[in-house]
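Visitor: Supplied in structure tokens, the structure appears directly below.
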Amino acid sequence: MTGNHGPAVLGERRIAEIAEIARQIRIEILKMTAAAGSGHPGGSLSAAEILACLYFEIMGLDPANPAWPDRDRFVLSKGHAAPVLYAALALRGYFPREWLATLRQLGSPLQGHPHMRSTPGVEVSTGSLGQGLSMACGLALAAKLDKARWRTYCLLGDGESQEGQVWEAAAAAAHFGLDNLTALLDYNGLQIDGSCADVMGIEPVQERWSAFGWQVCEVDGHSVSELLTALRAASLVRGRPALIVCRTIKGKGVSFMEDQAGWHGKAPSAAELARALVELDAPEVSGGGAA
Amino acid sequence: MKRLDLARLPSEATRDAYGQELVAIGRADPRVVALDADLSGSTKSSVFAKACPERFFNVGIAEQNLVGLAAGLAAAGKIPFASTFAIFITGRAFEQVRQSVAYPNLPVKLVGSHAGVTVGPDGASHQAIEDLALMRAVPNMTVLAPADGVATRALVRSALDVPGPVYLRLGRSGVPSIYGPEGLDVTSFAAGGSQTILEGTDVTIIACGVMVAEAIAAAYLALDDGLSVGVLDCYSLKPLDGPTVLAAARRSGAIVTAEEHSVIGGLGGAIAEFLAETNPVPVVRIGLRDTFGQSGGPAELLEHYELRAKHIRAALDRALELKA
């Protein structure tokens with residue numbers, strides 16, 4: 001079990017280990033979406049470091065006992081990034097890595113969007129955008145009622161925060177003083193139809209969340225050390241919820257996918273997968289991709 | 001069963017019974033929590049808020065978040081009762097009910113008060129006439145529409161035993177306590193059940209909610225005319241009490257349904273669909289005929305939309321004609 005009571009300052013070695021896990025997560029994202037022939041690689045790749053930090057350093061978990069009552073909870077509100085969650089869960093030992101190749105297939109435990117009744121380690125069912133933060137607030141309220149120490153983490157998309165329900169939840173989290181809730185915003189700046197700024201502006205992000213009563217900070221969402229520092233600081237905030245704005249690059253790690261809205265919901269071909277894996281320094285696994 | 005004097009039975013709104021019973025189950029079961037969206041005084045969740053303030057959450061005028069919070073609480077082991085007006089919890093938050101609650105089969109109890117046209121003067125914006133159709137269509141959902149306070153109390157208790165989500169439809173206005181000690185003195189109600197009030201061989205009225213009392217009155221009118229008329233309170237629209245509905249259809253060979261809801265997708269729809277596949281008999285539906293409500297007094301509106309006993313009585317004749 002990892003917990004959130006580790007040393008405050010991490011050695012370079014541990015940071016490098018988590019960065020390596022993020023690289024492995026990216027490899028799995030690409031392999032599983034290529035095998036599935038559909039899915040959302042762009043917004044999954046942008047969150048690889050975020051998930052690596054949460055699942056391998058920050059959250060208190062017991063993969064052998066997914067129902068452990070005192071586990072920390074993670075809600076993937078941007079449910080289309082299911083591949084990054086599945087990759088993290090598989091690497092963390094919630095289920096066999098072979099399952100990843102069944103993503104999106106009939107009868108697979110890995111549904112196109114996360115479903116709590118299908119996949120060990122998935123806490124709620126998401127996919128329809130805007131609903132996850134409300135559920136995260138409900139989880140955090142339950143922990144408060146039970147005077148339990150576990151925390152709830154919620155990953156939001158930037159485009160997702162155009163949904164009105166996100167702001168209903170943002171208001172409620174502050175109103176109920178949910179200091180056991182940390183939200184992270186995967187701010188890669190792109191959504192299906194183009195840039196968030198063009199489609200429906202979401203700025204000023206920090207001011208909006210601050211005005212709703214949240215403690216807000218901003219980090220480089222691909223910097224493991226910045227993410228870990230911010231996540232630890234967030235857990236020390238008292239009386240209100242915390243938001244970490246993670247500046248990210250959609251498609252991060254694959255040159256031809258980076259910062260391209262077109263890779264929001266398109267799977268790589270076998271040739272594209274091979275090129276991508278070479279870039280991720282993993283040419284040896286390229287044969288395991290598209291069937 | 002004994003002939004009821006409907007006008008002399010004590011009157012109670014189902015929402016009042018809900019508030020009282022919620023306190024009772026909440027005191028007995030610490031998993032019970034309640035949420036409302038600024039209508040706690042109307043839905044009567046305010047009674048629970050007074051009794052168990054630490055387990056009550058007013059989310060403000062934000063029904064989508066109401067449902068999402070309830071889903072999160074349920075995912076952490078609580079049994080949330082989330083209430084607001086029927087049109088808002090089933091309509092405004094429909095997709096939240098579907099995605100966050102029903103798809104993962106979480107034990108969230110959705111309580112929609114002020115259903116149907118008997119909300120009265122507030123008018124069509126506040127009169128849910130499609131809520132049963134919406135909730136019936138969602139997989140995993142149990143759909144309940146009690147006829148009086150006694151049935152409401154029993155169904156609130158039994159909702160605790162339903163492992164998944166429940167939609168409980170309540171009304172604003174007082175209704176006769178047909179199951180109370182001065183009435184039929186019945187206390188057993190559960191999801192998937194029904195209450196046979198009368199058995200008849202000519203035609204059976206299948207009703208739910210406030211229309212059960214109207215159905216009983218209509219049956220008495222028909223009995224006085226020499227007809228053999230059954231009345232079935234089909235308070236569980238989903239799961240439907242198929243064997244009892246089937247037996248009624250076989251016994252009487254014709255059905256009239258009665259609901260304070262659109263004739264599309266609610267009780268009439270459920271009965272017609274079920275009998276079409278099992279035992280086709282004429283089904284005449286009483287309800288709102290694909291129209292919105294409007295402002296008016298509850299009794300005036302029941303009259304205007306032809307939802308009274310005399311209208312059901314007329315429908316019995318239509319069903320008998322179709323049967324012949």
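Visitor: Once the convex hull of the C-alpha atoms of region A:175-218 is built, how many Å³ does it hold per residue, rounded to a whole number?
Guide: Enclosed volume per residue, from the Cα hull, is 92 Å³.
Visitor: Per-residue Cβ counts within 10 Å, from other chains only, averaged over B:32-42: what number is that?
Guide: Numbers: counts 0, 4, 0, 2, 0, 1, 0, 0, 0, 0, 0.
The per-residue average across the peptide is 1.
Visitor: For a quick size check, give me the Cα extents of chain B along its three principal axes, largest first, whole Å.
Guide: 58, 40, 36
Visitor: Could I ask something else about it? For the protein assembly as shown, evaluate the Debye formula with one uniform point scatterer on each Cα (no solvent term) and list log10 I(q)/I(0) at q = 0.08 Å⁻¹, rounded to two decimals.
Guide: Debye curve over Cα of the protein assembly as shown, log10 I(q)/I(0) at q = 0.08 Å⁻¹: -0.62.
Visitor: Rank-order B:187-195, A:12-20 by packing density, defined as the average count of other C-beta atoms within 10 Å over each peptide's residues, highest first.
Guide: For the peptides B:187-195, A:12-20, the packing ranking is B:187-195, A:12-20.
Visitor: Calculate the translational D of region A:146-291 in whole µm² s⁻¹ from Stokes-Einstein, where the hydrodynamic radius comes from the Kirkwood formula applied to all Cα pairs, the temperature is 4 °C and the viscosity 1.567 mPa s. Please list the in-between numbers first.
Guide: Numbers: Rh = 17.0 Å.
The Stokes-Einstein estimate is 76 µm²/s.
Visitor: If you average the C-alpha positions of region B:100-118 and of region B:57-92 separately, how far apart do those two centres end up, in angstrom?
Guide: Region B:100-118 and region B:57-92 have Cα centres spaced 8 Å from each other.
Visitor: While we're on this one: Beta carbons within 10 angstrom, averaged per residue: use that to sort the peptides B:122-128, A:197-203, B:180-186, B:88-94, highest first. List each step's numbers first, then the result.
Guide: Values: B:122-128: 18.0, A:197-203: 12.6, B:180-186: 16.3, B:88-94: 22.7.
So the order, starting with the most tightly packed, is B:88-94, B:122-128, B:180-186, A:197-203.
Visitor: For region B:6-176, take the convex hull of the Cα atoms, compute a quarter of its surface area, and give me that in nm², please. Spell out each step's value before the answer.
Guide: Values: hull surface 35.9 nm².
Seen from a random direction, the Cα hull of region B:6-176 projects 9.0 nm² on average.
Visitor: Next question. For region B:94-223, with equal point scatterers placed on the C-alpha atoms only and solvent neglected, what are the log10 I(q)/I(0) values from the Debye formula at q = 0.12, 0.15, 0.18, 0.22 1/Å, to two decimals?
Guide: Results for region B:94-223 at q = 0.12, 0.15, 0.18, 0.22 Å⁻¹ read -0.51, -0.78, -1.06, -1.35.
Visitor: Can I ask one more? Given H placed on each backbone N at 1.01 Å, which residues far from residue A:184 in sequence or on other chains put an amide H within less than 5 Å of it?
Guide: So residue A:184 has HN proximity to A:154, A:155, A:156, A:244.
Visitor: Averaged over A:138-148, how many beta carbons belonging to a partner chain fall within 10 Å of each residue's beta carbon?
Guide: Numbers: counts 19, 8, 4, 11, 11, 1, 1, 10, 4, 0, 1.
Per-residue shielding by partner chains comes out at 6.
Visitor: How big is the shadow of the Cα convex hull of region A:12-288, averaged over all directions, in nm²?
Guide: Details: hull surface 53.1 nm².
For the Cα atoms of region A:12-288, the hull's average projected area reads 13.3 nm².
Visitor: Right, another one. So for region A:200-284, what are the equivalent ellipsoid semi-axes in whole Å, largest first, each being the square root of 5 times an eigenvalue of the Cα gyration tensor? Before the final figure, lay out each step's value.
Guide: On the way: eigenvalues 226, 57, 14 Å².
In descending order the semi-axes read 34, 17, 8 Å.
Visitor: Same structure again: Can you tell me which lysines have their Cα less than 16 Å from the Cα of residue B:109? Leave out same-chain residues fewer than eight positions away.
Guide: Residue B:109 reaches B:44, B:78, B:238.
Visitor: Binning every alpha carbon pair distance of region A:126-167 at 5 Å from zero, what are the percents per bin?
Guide: Pairs per bin, as whole percents: 5, 24, 29, 18, 13, 9, 2.
Visitor: Still on this structure: Calculate the mean, over all residues of peptide A:165-177, of how many other protein chain Cβ atoms lie within 10 angstrom of the residue's Cβ.
Guide: On the way: counts 10, 2, 2, 11, 7, 1, 4, 9, 2, 0, 4, 3, 0.
Mean number of neighbouring Cβ atoms from other chains: 4.
Visitor: What net charge is computed for the residues neighbouring residue B:32, neighbours being all others with C-beta under 13 Å from the C-beta of residue B:32, Lys and Arg scored +1, Asp and Glu -1? Write down the numbers at each step before the final one.
Guide: Details: positive: B:27, B:31, B:55, B:78, B:109, B:157; negative: B:21, B:29, B:54, B:161.
Cβ neighbours under 13 Å give a net charge of +2.
Visitor: While we're on this one: About its Cα centre, what dipole magnitude does region B:62-144 give when the only charges are +1 on Lys and Arg Cβ and -1 on Asp and Glu Cβ, stated in debye to the nearest 20?
Guide: Details: 5 positive and 5 negative charges, 54 e Å.
Charge dipole of region B:62-144: 260 debye, to the nearest 20.
Visitor: Additional query: Given +1 on the Cβ of Lys and Arg, -1 on the Cβ of Asp and Glu, and no further charges, what dipole in debye does chain A carry about its Cα centre, rounded to the nearest 20?
Guide: Numbers: 25 positive and 31 negative charges, 149 e Å.
So the dipole magnitude of chain A works out to roughly 720 debye.
Visitor: Please report the spacing between the Cα centers of region B:142-170 and region A:149-176 in Å, no decimals.
Guide: 31 Å
Visitor: Using Cα centres only, tell me the gap between region A:34-103 and region A:239-283 in whole Å.
Guide: Here the answer is 15 Å between Cα centres.
Visitor: Further question on the same structure: Of the candidates A:153, A:94, A:86, which one comes out as most mobile in a Gaussian network treatment of chain A with C-alpha springs shorter than 10 Å?
Guide: Per the Cα network of chain A with a 10 Å cutoff, A:94 tops the list.
Visitor: Separate question: Starting from the Kirkwood radius over alpha-carbon pairs of region B:166-302, derive D by Stokes-Einstein at 10 °C in a medium of 1.306 mPa s and give it in µm² s⁻¹. Before the final figure, lay out each step's value.
Guide: Working: Rh = 15.3 Å.
Answer from the Stokes-Einstein relation: 104 µm²/s.
Visitor: Here's something else I'd like to know. Nearest 20 debye, what's the magnitude of the dipole of the protein assembly as shown about its Cα centre given +1 on Lys and Arg Cβ and -1 on Asp and Glu Cβ?
Guide: On the way: 53 positive and 65 negative charges, 214 e Å.
Once rounded to the nearest 20, the dipole reads 1020 debye.
Visitor: Sticking with this one: Report the net charge of residues surrounding residue A:261, where surrounding means a beta-carbon distance below 13 angstrom and charges are Lys +1, Arg +1, Asp -1, Glu -1. If you can, show how the numbers build up before the last one.
Guide: Values: positive: A:250, A:266; negative: A:158, A:193, A:198, A:258, A:259.
Every neighbour counted, the sum reads -3.
Visitor: Here's another thing I want to ask about it. Pick out which of B:293, B:60, B:149 has the largest mean-square fluctuation in a Gaussian network model of chain B, springs linking Cα atoms closer than 10 Å.
Guide: Result for chain B, Cα springs under 10 Å: B:60 fluctuates most.
Visitor: Could I ask something else about it? If Lys and Arg each add +1 and Asp and Glu each add -1, what is the summed charge of the other residues whose beta carbon sits under 13 Å from the beta carbon of residue B:121?
Guide: Working: positive: B:172; negative: B:122, B:300.
Taking every Cβ under 13 Å from that of residue B:121, the sum is -1.
Visitor: For the protein assembly as shown, what does the helix formula give at 222 nm: sum of -39500 (n - 2.57) over DSSP H segments with n ≥ 4, over the residue count, nearest 500 deg cm²/dmol? Before the final figure, lay out the partial values.
Guide: On the way: 21 runs with 222 residues, N = 615.
Calculated from helices alone, the mean residue ellipticity at 222 nm is -11000 deg cm²/dmol.
Visitor: Here's a follow-up. With a 10 Å cut-off between alpha carbons and a GNM built on chain A, which of A:255, A:125, A:225 moves the most?
Guide: For chain A, modelled as a Gaussian network with Cα springs under 10 Å, the answer is A:255.
Laboratory data are not the source of any read-out in this text; all were calculated from the coordinates shown. These figures come from a predicted structure and were not determined experimentally. When we count neighbours, we look across all protein chains shown, and the Cβ atoms used for this are built from the backbone with ideal geometry, even at glycine.
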